[in-house]
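Worksheet for the structure shown next.
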Amino acid sequence: MCGIIGIIGKDDAAPLLVEGLKRLEYRGYDSAGVATLVNDSIERRRAQGKLVNLECRLQNQPVTGTIGIGHTRWATHGVPSEDNAHPHATARLAVVHNGIIENFQELREDLSDDGRNFETDTDTEAVVHLIDRFLNDGLSPQDAVAAALPKLEGAFALVMIFAGEHDLMIGARRGSPLAIGYGDDEMYFGSDALALAPLTQKICYLEEGDWAVVTSSGAKVMNEDGEPVERPVVQTALSGAMIGKGNYRHFMQKEIFEQPSVMGDTLHSMLNPATQTITLPPSEIDLTAVSKISISACGTAYYAGMVAQYWIEQLARIPVMIDIASEFRYRNPPMTKGGLSLFVSQSGETMDTLAALRYAMDEHQRIVSVVNSPESSIARESDAVLPTLAGPEIGVASTKAFTTQLTVLACFAIALARARGGIDRAREAELAVALAEVPGRAAEVLNHDERIAALARELSESRDVLYLGRGTSYPIALEGALKLKEISYIHAEAYAAGEMKHGPIALIDEDVPVIVIAPGGDPLFDKTAANVQEVVARGGRVIFLSDGPGIARMKAQAKPWATIALPTVDPLVAPILYAIPVQLLAYHAAVAKGTDVDQPRNLAKSVTVE
């Protein structure tokens with residue numbers, strides 16, 4: 001969602017703040033700003049829109065100062081505008097904020113009764129005036145923050161600087177991530193480690209309820225009761241070199257083409273090709289004792305969970321319940337004591353997923369998470385972590401994170417099935433071999449890029465697009481429709497192919513392309529082919545994704561408008577490979593339409609608010 005960076009340094013902070021904000025552009029934002037101390041006074045520069053607008057403002061109205069805070073905002077309270085952009089400030093302090101202050105209206109009314117004037121529509125301004133009131137009462141900055149934090153309700157990460165205090169930043173987190181970076185007589189705050197690359201690789205992650213007083217010589221961390229606590233300082237693997245686009249036009253394109261490599265990295269952490277076995281990271285969870293599994297996730301991660309549901313039920317013969325996390329947490333489902341709950345999140349900070357995790361924990365579930373950030377909140381609150389080694393994913397539309405999630409979930413399903421006797425040693429070996437071939441087969445899929453780009457250019461002229469699939473191909477159809485919607489803004493819907501005749505077939509005509517995902521080795525192939533015949537008979541333009549034998553069988557029954565031939569693979573791993581062409585179709589359609597591929601409108605990479 002929003003992004004935060006704070007610096008106590010030796011050189012002018014503003015350029016470094018802007019560079020840090022650029023590393024956070026992937027989260028999505030609609031305005032940006034910085035604040036520094038100049039001659040003991042707070043100076044702010046803010047701008048609506050992209051960071052280039054803030055850079056122009058700083059060129060025309062430069063600010064100096066070695067201490068400062070910066071922010072990229074994604075609007076929650078108040079429209080996107082310069083007035084509503086962060087940092088928010090009074091003469092005494094400036095604040096940047098991620099999250100939502102739920103009781104801001106009550107605070108605003110109380111502060112207005114105290115004679116304070118509000119200039120924005122944001123919830124954050126109430127925080128600024130609340131702390132300012134305590135400062136006005138004669139409290140020190142540290143004591144003023146300590147007095148204000150208990151009065152705030154909601155989820156937030158806050159970082160603030162104070163007039164006249166050139167060696168002081170204070171930050172706090174409750175429900176929204178915040179990290180401290182350690183340098184050489186320099187200190188930093190960031191909403192994640194990526195914000196601080198390449199400034200430092202020494203990171204301390206604040207825990208729930210923590211707040212910290214930071215100077216150039218170090219940090220003093222307190223828990224929510226105000227008691228000093230020690231939090232570990234870890235070495236992060238992130239570096240500035242990992243987030244460049246290289247020779248690619250967009251981050252999303254780069255990340256699509258990184259998939260063979262990152263899937264290989266992820267597999268190497270769990271699959272031994274010599275013994276053809278799957279070994280999960282060590283944990284205290286007894287897989288043989290698991291009787292029921294619940295899966296929760298949001299967006300693309302939810303579709304990865306849907307595929308996992310098929311895999312786990314078919315291989316391990318364990319019932320699986322799957323929910324969108326934002327629905328699960330309010331459905332208040334009864335859960336079997338001692339059951340296992342699985343949570344999937346790229347960032348590991350998705351607010352709805354984290355809340356669902358905490359509900360499951362309260363219901364005495366064992367917690368397993370699939371995350372791309374092993375230092376994230378979801379990972380830290382899990383009993384076991386299955387990491388996706390995708391590296392930083394900058395494009396808002398998830399690609400390599402999705403396929404590595406599928407890779408990890410496939411390994412989990414196989415290991416679970418083997419532990420419980422759902423498959424024997426020979427079948428484990430077969431599936432391990434199939435998984436080991438995935439990176440190479442993925443590289444073959446990417447060789448179709450030009451062919452897919454040509455189809456996508458024609459697709460980009462459509463107003464509506466349908467996606468169809470059965471079994472594990474159905475979630476891939478859903479993911480394909482989501483990708484097309486979120487980056488090209490073309491209306492797209494996905495259906496289980498067998499549901500076509502129950503209503504959606506009314507949408508079929510020659511102006512509606514229908515993308516069908518149907519691996520030739522899928523046991524449900526013939527049923528999907530019959531559904532394709534129904535579409536073709538009604539003039540639908542079918543783009544048919546299958547392997548060579550599947551395409552030949554389809555053409556013998558009804559001729560699709562276009563085909564994309566993929567490698568022949570075991571049906572278990574087919575969803576991983578078939579995700580790639582639907583990503584490429586969406587990417588090239590968006591390029592053809594001229595949209596902002598990496599930062600589509602209204603979307604954010606890490607959704608850390610409800």
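Only one residue in Val370, Val408, Val396, Val445 is under 25 Å from Phe257 (Cβ atoms), open to solvent by less than 20 Å² (accessible area, probe 1.4 Å) and more than 19 Å from the chain's Cα centre (by Cα), so which one is that?
Within the list Val370, Val408, Val396, Val445, the selection yields Val445.
Just to verify a result, which residue in the stretch 411-442, among those that are at pLDDT below 90 and surrounded by fewer than 19 Cβ atoms within 10 Å (Cβ to Cβ), is farthest from Thr279 (Cα to Cα)?
Restricting to residues being at pLDDT below 90 and surrounded by fewer than 19 Cβ atoms within 10 Å (Cβ to Cβ), the top hit is Gly440.
Please state which one of Leu158, Leu199 is in a strand (DSSP E or B), crowded, with 16+ Cβ neighbours inside 10 Å and touching a residue at least 40 places away in the same chain (Cβ under 8 Å).
Leu158
Pick from the stretch 22-46 the residues that are closer than 19 Å to Ile170 by Cα and open to solvent by less than 10 Å² (accessible area, probe 1.4 Å): which of them is farthest from the chain's Cα centre (by Cα)?
Across the stretch 22-46, the extreme among qualifying residues is Leu37.
Residues are listed down the side, and each one gets a yes or a no for (1) assigned to a strand (DSSP E or B); (2) in contact (Cβ under 8 Å) with a residue 40 or more places away in the chain; (3) out of contact with any Asp or Glu (no Cβ under 9 Å at 6 or more places or on another chain); (4) over 17 Å from Asp167 (Cβ atoms):
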| residue | (1), (2), (3), (4) |
| --- | --- |
| Arg44 | yes, yes, yes, yes |
| Leu54 | no, no, yes, yes |
| Leu58 | no, yes, yes, yes |
| Thr64 | no, yes, no, no |
| Ile69 | yes, yes, yes, no |
| Thr72 | yes, yes, no, yes |
| Ala75 | no, yes, no, yes |
| Val79 | no, yes, no, yes |
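With the condition kept exactly as written, say whether any residue in the stretch 404-417 is assigned to a helix (DSSP H, G or I), more than 21 Å from Pro575 (Cβ to Cβ) and out of contact with any Leu (no Cβ under 9 Å at 6 or more places or on another chain).
Scanning the stretch 404-417, I find no residue that is assigned to a helix (DSSP H, G or I), more than 21 Å from Pro575 (Cβ to Cβ) and out of contact with any Leu (no Cβ under 9 Å at 6 or more places or on another chain), so the answer is no.
Among the residues of the stretch 88-117, which ones are part of a helix (DSSP H, G or I) and open to solvent by 10 Å² or more (accessible area, probe 1.4 Å)?
First, pick out the residues of the stretch 88-117 that are part of a helix (DSSP H, G or I): 104-113.
Across the stretch 88-117, the qualifying residues are Phe104, Gln105, Glu106, Leu107, Arg108, Glu109, Asp110, Ser112, Asp113.
So, of the residues in the stretch 25-42 that are in contact with a Lys or Arg (Cβ under 9 Å, 6 or more places away or on another chain), not in a helix (DSSP H, G or I) and not hydroxyl-bearing (Ser, Thr, Tyr), which turns out to be farthest from Glu486 (Cα to Cα)?
Ile42
Would you be able to say whether some residue in the stretch 327-349 is farther than 20 Å from Gln365 by Cα and at pLDDT below 90? Working first, answer last.
If we filter the stretch 327-349 for residues that are farther than 20 Å from Gln365 by Cα, which is where we start, we get 346-347.
In the following step, the residues that additionally are at pLDDT below 90 were identified as 347.
Checked the stretch 327-349: at least one residue is farther than 20 Å from Gln365 by Cα and at pLDDT below 90.
Right, Glu493: open to solvent by 20 Å² or more (accessible area, probe 1.4 Å), under 21 Å from Thr595 (Cα atoms) and not aromatic (Phe, Trp, Tyr) or not?
Working: open to solvent by 20 Å² or more (accessible area, probe 1.4 Å): yes; under 21 Å from Thr595 (Cα atoms): yes; not aromatic (Phe, Trp, Tyr): yes.
Yes: the conditions hold for Glu493.
Arg427: assigned to a helix (DSSP H, G or I) and without any contact (Cβ under 8 Å) to a residue 24 or more places away in the chain, yes or no?
The answer is yes for Arg427.
Go through Ser217, Ser296 for me and flag whichever is touching a residue at least 12 places away in the same chain (Cβ under 8 Å), surrounded by 15 or more Cβ atoms within 10 Å (Cβ to Cβ) and either within 16 Å of Ile414 (Cα to Cα) or among the polar types (S, T, N, Q) (or both).
Ser296
Please specify each residue of the stretch 537-575 satisfying the condition of being in contact (Cβ under 8 Å) with a residue 60 or more places away in the chain, β-branched (Val, Ile, Thr) and closer than 25 Å to Glu458 by Cα.
Once the filter is applied, which keeps residues that are in contact (Cβ under 8 Å) with a residue 60 or more places away in the chain, β-branched (Val, Ile, Thr) and closer than 25 Å to Glu458 by Cα, the stretch 537-575 yields Ile543, Ile564.
Among the residues of the stretch 350-367, write down those that are closer than 16 Å to Ala401 by Cβ and open to solvent by 20 Å² or more (accessible area, probe 1.4 Å).
Hit for the stretch 350-367 is Thr350, nothing else.
Condition check: aliphatic (A, V, I, L, M), at pLDDT 95 or above and either assigned to a loop (DSSP other than H, G, I, E, B) or under 27 Å from Glu349 (Cα atoms) (or both). Does Ala85 satisfy that?
No.
Only one of Ile505, Ile487 is over 23 Å from Leu584 (Cβ atoms) and out of contact with any strand residue (DSSP E or B) (no Cβ under 6 Å at 6 or more places or on another chain); which? Can you show your working first?
Numbers: Ile487 fails: over 23 Å from Leu584 (Cβ atoms).
Answer to the check: Ile505.
Here is a list: Gln346, Gln259, Gln309, Gln253. Which entry is under 22 Å from the mean Cα position of the chain (by Cα) and without any contact (Cβ under 8 Å) to a residue 24 or more places away in the chain? Break it down into steps so the answer makes sense when it comes.
Working: Gln346 fails: without any contact (Cβ under 8 Å) to a residue 24 or more places away in the chain; Gln259 fails: without any contact (Cβ under 8 Å) to a residue 24 or more places away in the chain; Gln253 fails: without any contact (Cβ under 8 Å) to a residue 24 or more places away in the chain.
From the options Gln346, Gln259, Gln309, Gln253, the qualifying one is Gln309.
Would you mind finding the one in Ala197, Ala179, Ala163, Ala172 that is under 30 Å from Thr407 (Cβ atoms) and out of contact with any Cys (no Cβ under 7 Å at 6 or more places or on another chain)?
Going through Ala197, Ala179, Ala163, Ala172 in turn, just one is under 30 Å from Thr407 (Cβ atoms) and out of contact with any Cys (no Cβ under 7 Å at 6 or more places or on another chain): Ala197.
Which one of the conditions (1) assigned to a helix (DSSP H, G or I); (2) in contact with a Phe, Trp or Tyr (Cβ under 9 Å, 6 or more places away or on another chain); (3) at pLDDT below 90 does Ile256 fail to meet, given that it meets all the rest?
(3)
Residues in the stretch 259-291 that are assigned to a helix (DSSP H, G or I) and of a type in the set (Ser, Thr, Tyr): how many? Break it down stepwise before answering.
First pass over the stretch 259-291, keeping only residues assigned to a helix (DSSP H, G or I): 259-268, 287-289.
Checking the rest, the ones that are also of a type in the set (Ser, Thr, Tyr) come to 261, 266, 288.
Going through the stretch 259-291 one residue at a time, the tally reaches 3.
For the stretch 129-140, check the following and say yes or no: at least one residue is open to solvent by less than 40 Å² (accessible area, probe 1.4 Å) and among the hydroxyl-bearing types (Ser, Thr, Tyr).
We begin by selecting, within the stretch 129-140, every residue open to solvent by less than 40 Å² (accessible area, probe 1.4 Å); these are 129-132, 134-135.
Subset that is among the hydroxyl-bearing types (Ser, Thr, Tyr): none.
Looking through the stretch 129-140, none of the residues is open to solvent by less than 40 Å² (accessible area, probe 1.4 Å) and among the hydroxyl-bearing types (Ser, Thr, Tyr).
Can you tell me which residue within the stretch 141-152, out of those that are at pLDDT 95 or above, crowded, with 18+ Cβ neighbours inside 10 Å and of a type in the set (A, V, I, L, M, F, W, C), is farthest from the chain's Cα centre (by Cα)?
Checked the stretch 141-152; the qualifying residue farthest from the chain's Cα centre (by Cα) is Ala144.
Which fully enclosed strands (runs of 3 or more DSSP E) of the stretch 510-610 have 1 or more residues being of a type in the set (Lys, Arg)?
Per the criteria, 541-547.
Can you name the residue in the stretch 580-605 that is open to solvent by 40 Å² or more (accessible area, probe 1.4 Å) and among the basic types (Lys, Arg) and is also modelled with the highest pLDDT among such residues?
Only one residue tops the list, namely Lys593.
Can you name every residue in the stretch 308-328 that is in a helix (DSSP H, G or I), open to solvent by less than 50 Å² (accessible area, probe 1.4 Å) and either more than 25 Å from Arg427 (Cα to Cα) or not hydrophobic (A, V, I, L, M, F, W, C) (or both)?
Gln309, Ala325, Ser326, Phe328
The values are calculated or read from the model by the stated rules, or taken from the named source; none is laboratory data. Everything numeric in this text was worked out from a predicted model, so none of it was measured. Because the Cβ atoms are built from the backbone with ideal geometry, glycine has one as well, and the counts that use them run over all protein chains shown. Remember, those area values only see protein heavy atoms, side chains included, never the ligands or the DNA or RNA. Shrake-Rupley method; radii C 1.70, N 1.55, O 1.52, S 1.80 Å.
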